[in-house]
Amino acid sequence: MPISIQLTSADFWAVAPELILVATGLLLVLLDAFAKFSRPSFPYIALAGVVIANFSSHYTPGKFFAGAIEASDLTRFVDLLTLMALALAILGGTALLQRDNKGHGEFFGLLLWSASGLMLMVKGNDLLIVFLGLELMSFGLYVLAAWYRELPEAVEAGMKYFLMGAFSSAFLLFGIATIYGRMGSTQLAKLAELSGTHSPLLDPLLALGLLAVIAALGFKLSLVPFHSWAPDVYQGMTTPAIAFLSTAPKAAAAIVMVRVLQALAPAGLGEPWTPLLAILATISILYGNVVALAQRDLKRMLAYSGIAQMGYAAIGLATFTKDAFEGLLFFLAGYLITNIAAFLAVGVLSNGEKGPHTLADLSGLGKKRPGPAWVLTIAMISLTGLPPTVGFIGKLVVFKAAVDQGLVWLTIVGVFGSLISVGYYLRVVYFLWMKEPGREVNLPEEDVLSGASYLLVMAGMLILGIAPKALLDLARAAASAVSLAALR
Amino acid sequence: MKAETFLPWIPLFPFIGFLINGLLYLVSHSKMGDKDAPKGSHGHGEGHDSHGHDAASHDGHDSHGGGHGHGGHVDIPFKAVHSLVGPIASGLSCLFSLLAILAWWQETGGHHEIVVKLWTWVPAGENLTWFGAKTLEFDVAFRIDPLTALMIGFVSFIGTLIHVYSVGYMGHDEGYGRFFAYLNLFMFSMLVLVLGANLGILFVGWEGVGLCSYLLIGYYYQKDFAADAGKKAFVMNRIGDVGFILGLFACTAMFGTIDFTKMFEAAAKDPGTYAAGGAVTAACIALFIGACGKSAQIPLYVWLPDAMAGPTPVSALIHAATMVTAGVYMVARCNVLFRISHEWAVKTLGENASVFAMLTHDASYVVAVVGGVTAFFAATIGLAQTDIKKVLAYSTVSQLGYMFLGCGSLAFGAGMFHVFTHAWFKACLFLGSGSVIHALSGEQEMTRMGGLKNLVPHTYRTMFISTLAIAGVPFLSGFFSKDAILAETFINGHPILWALAVLTAGLTAFYMFRLVKMTFYGEFRGTKEELAHVHESPATMTIPLWILAGGAIVAGYLGIPKFILGKENAWEKFLEPIFPPLAAGWMPEPHHASHALEWGLMMTSVVVAGIGIALGWAFYSGAYPFATPGKIAGALPGLYRWVRNKYFVDEAYEWLFVDRLIKKFGRFLWEVDARFVDGAVNGSRHLTVGGAHVSSWFDKVFVDGAVNGVANVLQTAWRGHRSLQSGQTQGYALAMTFGIFGLVCIYLILS
């Protein structure tokens, strides 16, 4: 059957943000090659690209490119989150990069391209587009992981991330192929139609395919037991890049997981799947939180903290109701702002990108650098999940949806995990404000951009914690794009 | 004016004060630690030096008087502003509390509550449903009713007194502005806690006061013991908070709302439905675990004595008068639930159930037992402490136990009455001890005091009055409130707990008179030099002391029992609206005691208190070391050692939870991590470092300019090769593969 596809301008408007990011990235790489003197303006150009991409993201909901891409309030939400993460990483990270003279055009280019892949992945209505987006996203990050290529740690991080990423991609492809083999389609909408009202998930072949997909996405989410790359990569990767990698891709992976699960089980998850996801959530929360207690390197600590946080997110996945998805979206948005805040502050309150980021180096920095110290303090409070921060509301809505669905024990695990997490989050605050300075720490200069990033993240963490309605409304609108059962 | 207009301002004033004090402090201190910053513009260098000086002196104590008596003047930037802003912010909130109470009284005659909704915090939506029809929504809203009126009244008033006192007490401290910022923030949180119209806002205040408590305990953060004490308090409180959060969730699940009015109306109307299966009891016990953390009850009490590492005004305000009573307040606030739990237990088990059965069915029974046992247990520890603040700390734990005993006996009014009277005399005792410590330039050991009676006359007199009050001497405040609790305990069917509480009253009288005798009577036991420095505190400190001592005398007259006065107990009548009647069949038969019994109970406790006072007076007369207590300690060396060391509870916790559980388990997981992850990383690092040397040489020689790209590929490939050879990445991949196998296995088992 010959295939003819009519493309209209609406098709291109649907991916306009991606196109703009790609173009901005290209421009920066070319400028770096032919007009090196313009380097100081790169962050501004990149930011301009992000802002324009944000304004161009006003497509009408619907299916585009012959049903391969679906634009909705959900994808708009993800666009917003991604661009937000990009903007914060660029604002806060530029000072760190320029200190080591590492603010090349490629850095911004790779970051923007990676982000465009991420947005494409969520827009994909076809598993192959999802795969394509995921790979585009990952390739940029592989290179960024090894950005300080004269440092053994960075090269190690890049190499490990690449190898493990390739391994997980193989699983994803295997899963997609198996699903295609069983169902005869890779389109999510078609799959949902074929699955009908009864869940076909008890079919062993299909189950194997889905398990492979869960494992691959679990790798991106760094859920235990697919987490082992995270501490090394976090430790070796440069701060602005890890601030991005540790947030936006995880949000995207979680959302894609919801979409795939919905396509294969439109009537709700059945018996083996809810406990399965719940087990992943439980071991991630417990393992991440307990091991984080023993960490003395801040980036490694944040890696294990991220494992635990994604465990909380997995509670939302296991619950799998409309409420849970809303809660999950809110939680991910809050986590995004908070974690970026934490990383940027850790980057500024250290000897620089080339040395380790030890906890002891934070001693007494509260007085020296109150700005980033407060950012880090509030970020730690938000990660712990205490009011009045966004982290509190995020956990509240996710846990509430889980209790609603009868997953009380899972909520208790979550609360217990949060209790353990106080130990290491609070230790950071303790070192910042209550310890006398130890060895001399050579802090990088702060500039206007990083000042702006502090204000943004502080406002984000506090305002969304005190008056979360606007974001909750956005999350609700976004969640309605995926038709999940309201309650079982 | 209406009460609605005043309410939001009550917490707002301290918050504004916090912002001003905090910002000024940050502005004047932000560059202090920075070695590169230009020095000396405001004399900061000098202020900084006094840290080291301070740290060297009297380790292990509230390090008050850093500059005082040791020479060295501390220059405090914006001192005048801090001295004004802190007390005024608190004073305004006190004024507005009074205005709000008056307006509320005029509008409602004290019969029902007024709620002000500020904005919706967590909005309800079509999808945020809870059991179908019910939606969870909670607002940022304040309410005023008899209970809140009472709390905001004394919290803001005593808070203001302590702010004024601190102007004198903290006057030599380098962190003056920081102190007032924290103190104002505490006032804000505490007022939010008591004003909150739902469990959510209460929780916000609850966490806020916990945070301020943590910050103020660790106020002298340069000292490890203060920072450790702060951490201990925070951890203990978090354990309690897990209970609180579970209770909050339980309430949401049961009622679909956490608004007090709606929750309690629903519960009072239909107790049977909610009590079925012990749901209410579970929620109550969860909430009570939270109260145990905040109000330092067994087994979570160990943080409070350590909290004495904070400055003394903090001990008086937070760790005696206000914050620690938040648990009692919360239990009294939720009295409907505790009453339902009790009635349900009686209905299911019958009148003559065993103690064990009652403990598993009746939440109020648990409250009573924990309160009674804590009261006794802490009082025995107080007998053998020689640090003046530690004695008062254990006394506080013990008195809090009394309050819970009252609430657990379903005499919530009596429990709150003791909260009220205790706030006056205990704040006075703490501030008095602060004044003594101030006079002795930081000395806290009673073994090094003595004979101060005439040297610090105001401090002595006010402390003596408060000691009489706490000992239960008739016609002072503590007598009325303690007696109300004892009587209710006996009448409501806890004779054993009553006996324990009466015994505790005797112990209390004994250790308090021991404190007074050791501090103010006999010969001074310090050095001559110290004696020469002793002086009475300034007026900013003695005036608050006298006001509090006045309160310690008269506060009790608000609640004179009916059998003495002949007319109704004014306190109980005032609080009546917060105890709504339950549905028919759920109201207990009121226990009516004969007047003779009530007089008899009262006489018993007076006699026991008298014996305690007499023994305390007699044992601690004569020359130091005192003969009789020494003999007793000598005769029972084992018992003395246990009591003196607080029954080794701290050590047991440390051994069991910190060493065994957390360290071992954490260590185990860390080992796993180290074996499989860190070890591998280290191994590969040696290889890659070698590689890096080669490649940097490669970089220099071949790779300048145009061949960058090619070199990148070569390097990366080369290092990738090395990395692969090290074996660890396979380890990761293996872990992932096993993970998938695990998932498959779980899938097969589950389906």
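The values are calculated or read from the model by the stated rules, or taken from the named source; none is laboratory data. Just so it is clear, the structure is predicted and the values come from calculations on it, not from any experiment. When we count neighbours, we look across all protein chains shown, and the Cβ atoms used for this are built from the backbone with ideal geometry, even at glycine.
Output yes when any residue across the range B:209-218 is assigned to a loop (DSSP other than H, G, I, E, B), of a type outside the set (D, E, K, R), within 11 Å of chain A (Cβ to nearest Cβ) and closer than 30 Å to B:Tyr169 by Cα, and no when none is.
Checking the range B:209-218: at least one residue is assigned to a loop (DSSP other than H, G, I, E, B), of a type outside the set (D, E, K, R), within 11 Å of chain A (Cβ to nearest Cβ) and closer than 30 Å to B:Tyr169 by Cα.
Of the residues A:Val422, A:Val441, A:Val457, A:Val482, which single one is more than 8 Å from chain B (Cβ to nearest Cβ) and within 30 Å of B:Ala233 (Cα to Cα)?
A:Val457
A:Ser418: within 25 Å of A:Thr358 (Cα to Cα), of a type in the set (S, T, N, Q) and at pLDDT 90 or above, yes or no?
yes
Checking the conditions here, which among B:Phe188, B:Phe179 is crowded, with 24+ Cβ neighbours inside 10 Å, within 13 Å of chain A (Cβ to nearest Cβ) and touching a helix residue (DSSP H, G or I) at 6+ places or on another chain (Cβ under 9 Å)?
B:Phe188
Can you confirm whether the range B:296-307 contains a residue that is in contact (Cβ under 8 Å) with a residue 24 or more places away in the chain, within 12 Å of chain A (Cβ to nearest Cβ), within 30 Å of B:Tyr394 (Cβ to Cβ) and outside any strand (DSSP E or B)?
No, that holds for no residue.
Tell me the residue from A:Val224, A:Val213 that is under 30 Å from A:Glu353 (Cβ atoms) and touching a Leu at 6+ places or on another chain (Cβ under 8 Å), please.
A:Val224
Filter the range B:249-268 down to the residues that are facing chain A (nearest Cβ under 10 Å) and surrounded by fewer than 23 Cβ atoms within 10 Å (Cβ to Cβ), then identify the one that is modelled with the lowest pLDDT.
If we take residues in the range B:249-268 being facing chain A (nearest Cβ under 10 Å) and surrounded by fewer than 23 Cβ atoms within 10 Å (Cβ to Cβ), then B:Ala253 is modelled with the lowest pLDDT.
Restricted to the range A:128-155, and to residues that are within 11 Å of chain B (Cβ to nearest Cβ) and of a type in the set (Val, Ile, Thr), which residue is nearest to A:Leu112 (Cα to Cα)?
That would be A:Val143.
Please give the number of the condition B:Phe154 fails out of (1) of a type in the set (A, V, I, L, M, F, W, C); (2) farther than 24 Å from B:Ala309 by Cα; (3) within 14 Å of chain A (Cβ to nearest Cβ).
B:Phe154 satisfies every listed condition except (3).
Enumerate the helices (runs of 4 or more DSSP H) found wholly within the range A:383-488, keeping only those where 1 or more residues are surrounded by 21 or more Cβ atoms within 10 Å (Cβ to Cβ) and acidic (Asp, Glu).
A:390-404
Listed residues A:Gly158, A:Gly175; which is within 19 Å of the chain's Cα centre (by Cα) and within 11 Å of chain B (Cβ to nearest Cβ)?
None of the other options fit; the residue is A:Gly158.
Which helices (runs of 4 or more DSSP H) sit wholly inside the range A:298-380 and have at least 2 residues that are in contact with a helix residue (DSSP H, G or I) (Cβ under 9 Å, 6 or more places away or on another chain), of a type in the set (S, T, N, Q) and surrounded by 24 or more Cβ atoms within 10 Å (Cβ to Cβ)?
The helices (runs of 4 or more DSSP H) meeting that bar are A:298-319, A:322-348.
How many residues are at positive phi and among the aromatic types (Phe, Trp, Tyr) when one looks only at the range B:244-267?
Total meeting the criteria: 0.
Inside the range B:412-450, can you point out the residues that are part of a loop (DSSP other than H, G, I, E, B) and under 27 Å from B:Pro299 (Cβ atoms)?
Within the range B:412-450, just B:Gln444 meets the criteria.
Which count do you get for residues in the range B:219-239 that are of a type in the set (A, V, I, L, M), within 9 Å of another protein chain (Cβ to nearest Cβ) and under 29 Å from B:Ile258 (Cβ atoms)?
The number of residues fulfilling the criteria is 2.
With more than 12 Å from chain B (Cβ to nearest Cβ) and among the hydrophobic types (A, V, I, L, M, F, W, C) as the only criterion, which of A:Leu365, A:Leu396, A:Leu376 stands out?
Just a single option satisfies the conditions, and that option is A:Leu376.
Looking only at residues that are assigned to a helix (DSSP H, G or I) and in contact (Cβ under 8 Å) with a residue 12 or more places away in the chain in the range B:616-628, which one is surrounded by the fewest Cβ atoms within 10 Å (Cβ to Cβ)?
Step by step, filter the range B:616-628, then rank; the result is B:Trp617.
Only one of A:Val457, A:Val441, A:Val448, A:Val429 is among the β-branched types (Val, Ile, Thr) and either under 25 Å from A:Ala251 (Cα atoms) or under 23 Å from the mean Cα position of the chain (by Cα) (or both); which?
None of the other options fit; the residue is A:Val457.
Using the structure shown, decide if B:His319 is assigned by TED's automatic domain parsing to the domain that holds B:Ile578, within 15 Å of the chain's Cα centre (by Cα) and part of a helix (DSSP H, G or I).
yes
Residues that are small (Gly, Ala, Ser) and at pLDDT below 85: which helices (runs of 4 or more DSSP H) entirely in the range A:128-223 hold 1 or more of them?
Hits in the range A:128-223: A:152-183, A:188-195.
Can you name every residue in the range B:567-596 that is without any contact (Cβ under 8 Å) to a residue 12 or more places away in the chain and part of a helix (DSSP H, G or I)?
B:Lys573, B:Ala596
Could you tell me which of the residues A:Leu201, A:Leu206 is within 12 Å of another protein chain (Cβ to nearest Cβ), without any contact (Cβ under 8 Å) to a residue 60 or more places away in the chain and farther than 30 Å from A:Leu349 by Cβ?
A:Leu206
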